[in-house]
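Comments concern the structure below.
The values are calculated or read from the model by the stated rules, or taken from the named source; none is laboratory data. Since we're looking at a predicted model, the values are computed, not measured. Glycine gets a Cβ as well: all are built from the backbone with ideal geometry, and neighbour counts include every protein chain shown. What goes into the accessible areas is simple: the full protein's heavy atoms, side chains included, and nothing from ligands, DNA or RNA. Shrake-Rupley method; radii C 1.70, N 1.55, O 1.52, S 1.80 Å.
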Amino acid sequence: MNTVKTKIDRRTFIKNTSLAGGGLVLGFSWLNSCKPKEAEKLSAMEMPEEWFQMNGYIKIGENGLVTIMSPNPEGGQNIKTSMPMIVADELDVNWKNVVVEQAPLNTDLYTRQFIGGSNAIRFGWSGLRMAGATARQMLKEAAAMAWGVPVAEITTSGGIITHQTSNKSASYGEMASAASQITVPEEVPLKEIKDFNIIGTSRKNVDGTKIVTGKPLFGIDTYQDGMLTAMIIHPPAFGLKFKSMDDAEAKSMPGIMNIFPIKVLKDDYVRQHFDTCTFLEVVAIVGKTTWEVMQAKKTLQVAWEPFETYTEERVPYGRSQYTMTIPAGLENSEVHTAKMADMATKKATEVRRDGNPETAFKKAAKVVERTYTAPFLVHNCMEPMNFFANVKENSAQLIGPLQKAELTEHAVAAQLGIPESNIDIQLTRLGGGYGRRSYAHWVMEAALISQKMKAPVKLVYSREDDMTGGIYRSTYHVSYKAALDADNNLTAVHVNAGGIPESPLYANRFPAGAVDNYLAESWSIDSNITIGSFRAPRSNFMASAEQSFLDEVAEAAGKDPIDFRLELLKKAKENPVGERNDYDAERYAGVLQLVKEKSNWGNGDTSLNRGISAYFCHNSYAAQVVDMRWENDKPIIDKVTCAIDCGIVINPDAATNLCEGGIVDGIGNALYGELTFINGVPQKRNFDKYRMIRMSESPREIEIHFVESDVNPTGLGEPTFPPIFAAVANALYKATGKRHYDQPFVF
Amino acid sequence: MATFNLKINGETKEIDVDPSTPMLWVLRDHIKLVGTKYGCGIAQCGACTIHLGDNAVRSCQLPVSAVGEQEITTIEGLSENGDHPVQKAWLEIDVPQCGYCQAGQIMTASALLKRNPHPSDTEIETAMNGNICRCGTYTRIKTAVKTAAES
């Protein structure tokens with residue numbers, strides 16, 4: 001049996017003894033609270049009269065009903081179900097007797113309440129198991145004391161504690177009061193993987209009923225007494241700043257309370273990694289209702305002026321402070337394209353070198369050289385950016401959808417001049433995140449507007465404000481060069497990658513490690529167009545380019561594209577080049593082999609136009625085969641077969657759903673996703689121009705296969721997204737005879 | 001401002017509001033029925049879909065003054081206990097990811113099945129193409145529509 005020391009993460013298990021006497025604990029917001037009637041519907045039991053707090057994650061009612069707090073915000077990955085499943089399995093309760101609540105931001109009780117980097121389950125895994133196992137151990141100890149028997153002889157099953165020899169048993173509910181008084185054990189046993197009975201079984205979304213009946217779940221659904229509605233106007237172009245405004249007419253319109261400019265960040269505020277703020281000063285319009293504010297917004301006359309080049313001090317996540325330059329100017333996509341093509345011809349920063357690539361290219365029998373590009377992309381979360389703020393003299397309550405609340409708390413405190421300890425952040429369900437809701441300038445805006453108005457305010461971005469507000473996926477450019485010898489062995493690879501304003505390069509990813517001679521170079525060009533994490537940052541482009549390129553190299557070598565990759569991975573496993581390769585060649589090959597088998601690859605059916613792609617990112621491995629038809633000058637994707645290795649799968653059907661989503665999202669962005677600029681003005685403002693994938697364009701069928709694994713779980717939100725771009729491109733080549741190098745492919 | 005008596009989910013609601021106000025904001029801001037979602041404001045995403053009579057309409061483009069005597073049904077009123085066949089199918093297939101667009105998807109799907117109880121794949125796609133799901137749950141939505149059609 002595994003045992004784990006609880007002190008590793010001990011603050012999570014601090015007991016609040018004042019709660020041990022029972023009664024409802026913690027003041028959850030109306031939005032997140034589980035009202036008695038709903039709990040009755042959701043669980044097999046009635047609401048208990050008393051709750052006993054076992055630790056920050058678990059409270060148990062006297063009747064055995066268990067409430068499990070889900071620590072991280074839910075943005076569609078289904079962690080609000082799967083994180084509590086982990087707790088429940090180690091606690092050893094029946095899932096039907098569990099109700100789940102969204103925890104508020106609480107840095108004393110929980111660690112890392114982030115979503116991003118496909119890390120919620122990965123980093124939550126051991127803490128969640130410990131939370132469940134600790135409470136289970138305390139229940140056993142309580143029973144041992146009550147019955148005067150050794151704790152080692154006590155067993156649990158489905159919320160029942162049993163001592164077989166004396167034929168005694170009790171429910172968790174009966175022992176909850178006593179257990180909540182017990183000292184948190186120093187060491188607790190964890191279940192063996194084979195004994196899991198909730199983890200690895202499909203459980204329905206705990207918010208499913210609320211979603212399909214339209215209950216308030218999202219930040220934008222927040223309405224409170226006396227609440228005002230605010231919207232902002234930001235500059236129409238990147239490179240412009242606020243100059244002046246004529247608000248006389250707008251201020252006199254019905255329902256309008258006030259109109260004023262706000263500076264989003266203080267001048268001396270040192271920005272953390274997620275404090276990207278596109279427009280440092282915006283105009284706030286505050287009124288009684290959304291429609292009234294929208295009408296006033298149309299009549300408001302704001303003058304903007306170009307800004308001068310400026311710098312920002314930034315403290316990136318886990319790295320040292322640096323100075324970032326934001327250049328003046330009104331940028332154009334055509335100029336971006338030309339600048340990137342020019343940069344790619346120059347010597348860039350060498351990031352990795354193995355062997356002697358220059359010599360290998362000279363000796364090559366064949367050289368394949370290709371360039372790939374991709375545009376800026378908009379996240380386009382279906383729930384536009386919004387937040388509720390009620391700022392008082394020395395405290396603030398904030399409610400809404402947010403990926404990185406802990407970091408936001410720090411930033412908001414600094415802007416408001418209120419201590420972090422007096423800022424309460426309630427986390428709602430996110431109507432999509434994909435990275436966008438990590439950059440919480442709109443939380444500052446909401447808080448500053450509330451502070452000025454001395455009233456509760458909900459800030460809502462219009463779709464246009466959202467789409468033209470920055471924090472995009474970068475535009476990228478990468479050139480690949482490969483050398484094949486006379487026997488069609490890959491002898492050298494040169495990758496030159498850059499972008500505006502960031503480089504996409506991951507120098508130590510495949511095929512690094514599998515090629516004797518390898519050179520990776522990186523460059524970037526400053527821009528005033530802001531960027532932020534976008535579902536599998538940088539990987540989402542590198543995978544598309546690398547896996548398209550390898551397809552073409554395999555063809556030049558006269559090899560099957562899967563066998564070609566497997567041959568390289570065999571080398572990377574048996575005789576790796578370099579020591580910094582950041583992938584496990586065996587697991588990488590594993591997903592390729594699984595997708596080969598499940599897609600019946602190479603079955604001789606020549607009517608199928610098939611594209612393969614595989615990628616490692618966010619600690620998981622994914623391989624995909626796209627089956628495409630070409631009809632009426634458009635691609636029809638009949639089927640996507642996907643193999644994925646993310647270690648232990650917590651909730652298989654929900655995990656499958658998330659993988660399907662990554663694939664559909666990737667196909668949409670590969671085919672249609674694009675934002676361009678003329679004189680700093682984004683050329684798309686809403687979904688009439690910004691094309692999103694629709695049902696008729698998504699695959700007819702998606703099949704997800706998980707590699708069976710005992711490895712601790714890793715992420716799923718991102719890993720199926722990057723490879724599908726190339727699987728689509730490679731299938732398009734089979735379907736049309738034409739290679740696609742520049743995204744979006746658009747049909 | 002003008003007074004309107006609206007029939008919403010089987011109840012009459014008296015609202016005093018500017019006649020140009022779209023039903024989307026009447027529902028959300030004035031009646032606090034927040035299941036109907038704001039997504040784009042220009043009838044391109046379908047998140048705000050409601051039923052006007054038996055028809056699925058985009059409430060962001062429907063001024064309150066145009067409603068008159070017609071019955072409005074929102075996601076909250078689609079069934080009394082969340083047990084409309086489409087809602088049940090959505091739960092059975094466990095469709096939602098983030099869930100934001102799903103009320104609109106369900107309202108479009110339920111209107112489709114009312115006028116065409118056994119739609120073909122193409123008919124489902126045609127009806128549902130106006131509803132964007134940014135999370136990419138389309139394959140599940142299609143399965144759920146078929147499941148509801150069979151029930």
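Summary of computed values
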| quantity | calculated |
| --- | --- |
| Residue-averaged beta-carbon neighbours from other chains (10 angstrom radius) around A:200-210 | 3 |
| Label-point separation, A:N394 to A:N679 (7 Å along Cα→Cβ), nm | 5.2 nm |
| Point-to-point label distance, B:E92-A:S177, nm (Cα→Cβ direction, 7 Å offset) | 4.5 nm |
| Contour excess over end-to-end distance, with Cα ends at A:E574 and A:T155 and 0.36 nm allotted per residue | 146.2 nm |
| B:T108 accessible area, assembled protein chains, probe 1.4 Å, Å² | 10 Å² |
| Additional length obtainable on full extension of the chain from A:D633 to A:T606, 0.36 nm per residue less Cα span | 7.8 nm |
| Sparse-neighbour loop sites [GluC sites (Glu not before Pro); the stretch A:659-747; at most 13 other C-beta within 10 Å; DSSP] | A:E708 |
| Chain A, relative contact order [Cα under 8 Å, separation at least 6], % | 14 percent |
| Charge context of A:P254, other residues only, Cβ under 10 angstrom, K/R +1, D/E -1 | -1 |
| Peptide A:655-663, shielding by other chains (average Cβ, 10 Å cutoff) | 4 |
| Local electrostatic count, A:E420, Cβ distance below 13 Å [Lys/Arg +1, Asp/Glu -1] | -4 |
| Net lengthening on full extension, A:E369/A:N488 (0.36 nm per residue, minus Cα-Cα) | 41.3 nm |
| Computed [θ] at 222 nm, deg cm²/dmol, the protein assembly as shown (DSSP H ≥ 4; -39,500 (n - 2.57); rounded to nearest 500) | -8500 deg cm²/dmol |
| Selection of trypsin sites (Lys or Arg not before Pro), the stretch A:473-534, meeting DSSP coil and at most 11 other Cβ within 10 Å | none |
| Averaged over B:100-108, number of beta-carbon atoms from partner chains that fall within 10 Å | 4 |
| A:A146/A:R319 FRET efficiency (R0 60 Å; Cβ-Cβ; nearest 0.05) | 0.65 |
| Where trypsin sites (Lys or Arg not before Pro) fall in DSSP loop in the stretch A:284-368, at most 13 other Cβ within 10 Å | A:R319, A:K346, A:K347 |
| Sites A:E49 and B:D83 - FRET efficiency at Förster radius 25 Å, r taken between beta-carbons, to 0.05 | 0.25 |
| Highest-first arrangement of A:634-642, A:181-189, B:39-47, where packing means the average Cβ count within 10 Å | B:39-47, A:634-642, A:181-189 |
| Two-site FRET efficiency, A:N356 against A:Y310, from Cβ-Cβ distance with R₀ of 45 Å, rounded to 0.05 | 0.55 |
| Kyte-Doolittle mean at least -0.5, axial Cα span of 27 Å or more - DSSP H helices of chain A | A:120-147, A:652-672 |
| Summed side-chain charge close to A:F725 - residues other than A:F725 whose Cβ falls under 14 Å, Lys, Arg +1, Asp, Glu -1 | -2 |
| Proximal aspartates and glutamates to A:K570, defined as alpha-carbon separation beneath 12 angstrom and excluding residues fewer than eight positions away on the same chain | A:D584, A:E586 |
| Members of A:K363/A:K738; A:K366/A:K684; A:K458/B:K13; A:K96/B:K7; A:K559/A:K634 lying beyond 32 Å, as alpha-carbon distances in this model show | A:K366/A:K684; A:K96/B:K7 |
| Cβ-placed point charges (K, R +1; D, E -1), dipole of the protein assembly as shown about Cα centre in debye, nearest 20 | 540 debye |
| Considering only the protein assembly as shown, percent of DSSP beta bridges that pair antiparallel, nearest 5 | 75 percent |
